[in-house]
Amino acid sequence: MLQRGRFDIIAGPCAVEKESFQKTVDFLLDRGVSHIRGNIFKPRTWAHTFQGVGEQGVSELEAARGKGAKIVAEAMSPEHLEFLRPRADVIQIGARNMYNYPFLSQVSKLKVPVLLKRAPSATVDEVLGAASYLKETQVALCERGIRCFNTETRFTLDLANAVLIRNRSEFPVIADPSHGTGLRELVSPMCMAAMAAGLDGVMIEVHPDPERSQSDPQQTLDFKAFDELLGRLEGLANALGTPFLGC
Ligand code: PEP
Ligand code: MN
């Protein structure tokens, strides 16, 4: 699980896809990234669009774990939770479920580590309040952008309040510049900003061929862009004296 005072990376595709998931897992593990996005259930705005591979994706998660990956996977319902509990290392509670207090309490009781994402309209107080329902388990928080007047970016990555949330709690706090901006070109600069601001990591969408990704292609990095980002983050971590990835 993520720790305060270190800078870690959670990376992987928006959603597990049978054709490419292992390729991404192998690439990331080779780069020292062990927390892998392994979403088989996807919250999608429209019901007719790709909803994730579902339970059929379990062999992909098992194969990745066999190679040493730590799977971070979103549960949206008690049924998902039951299914993912033995198959994921961290349960993600997505932005849409941050206010689902009975669900948060249920996850807490299972004592599985949780990554809780900020809802796009949540105040600092509401994020900390939601986290208070997760008292019985290990928690990390994730800033993933808030809803704003600006339409150029998908959301507005609110790093200032991410720092405030970190200052006012004891949780590791990370940023998700992929969903937070919706634009590939902004992922690397916002990762750098997150590290410089003293956050504890980032969550990034990576796919071998982003344009063929079934969801969120426009905000997903290819392997080359990810390697470039890793080099930049390494340089910044050295300059700041921030423990980075496994080092
Ligand atoms: C995700 O990380 O896969 C996701 C759906 O993000 P969010 O809950 O922040 O929209
Ligand atoms: Mn996505």
Checklist entry - Within region 40-140, how many Lys pairs sit with Cα atoms under 17 Å apart, leaving out pairs fewer than 8 places apart on the same chain? => result 5
Item to check | Average accessible area per residue (Å²) across region 42-168 - probe 1.4 Å, nucleic acids and ligands excluded | outcome: 49
Checklist entry - Any idea how far apart Leu164 and Thr123 come out in nm if each label point goes 7 Å out from Cα toward Cβ? => result 1.0
Item to check | Expected 222 nm ellipticity per residue - DSSP helices of 4 or more, -39500 (n - 2.57), all of the chain, to 500 | outcome: -10500 deg cm²/dmol
Next on the checklist: I want the local charge near Ile146. Using Cβ-Cβ distances under 15 Å, sum +1 for each Lys or Arg and -1 for each Asp or Glu among the other residues.
Outcome noted: 0
Next on the checklist: Can you give me the C-alpha center-to-center distance between region 185-237 and region 19-76, rounded to a whole angstrom?
Outcome noted: 17
Next on the checklist: Quick check: pseudo-label points 7 Å beyond the Cα along Cα→Cβ at Asp209 and Lys23, how many nm apart are they?
Outcome noted: 0.6
Checklist entry - What helices does the chain hold that run 18 Å or longer along their axis, going by alpha-carbon atoms, with a Kyte-Doolittle average of 0.5 or more, using DSSP H for the helix calls? => result 184-196
Item to check | Prolate/oblate/rounded call for the chain, Cα gyration tensor, a/c under 1.5 rounded | outcome: rounded
Checklist entry - By the scheme Lys and Arg +1, Asp and Glu -1, what is the net charge of all other residues having a beta-carbon under 13 Å from that of Ile71? => result +2
Checklist entry - Net charge near Gln219, counting Lys/Arg +1 and Asp/Glu -1 over other residues with Cβ under 14 Å of its Cβ? => result -3
Item to check | Percent carbon-and-sulfur accessible area, the chain, ignoring ligands, DNA and RNA, probe 1.4 Å | outcome: 51
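The values are calculated or read from the model by the stated rules, or taken from the named source; none is laboratory data. Just so it is clear, the model here is predicted, and its values are computed rather than measured. We place every Cβ from the backbone using ideal geometry, glycine too, and count neighbours over all the protein chains shown. For the accessible areas, the whole protein counts, side chains as well, though only heavy atoms, and no ligand, DNA or RNA atoms are used. Shrake-Rupley method; radii C 1.70, N 1.55, O 1.52, S 1.80 Å.
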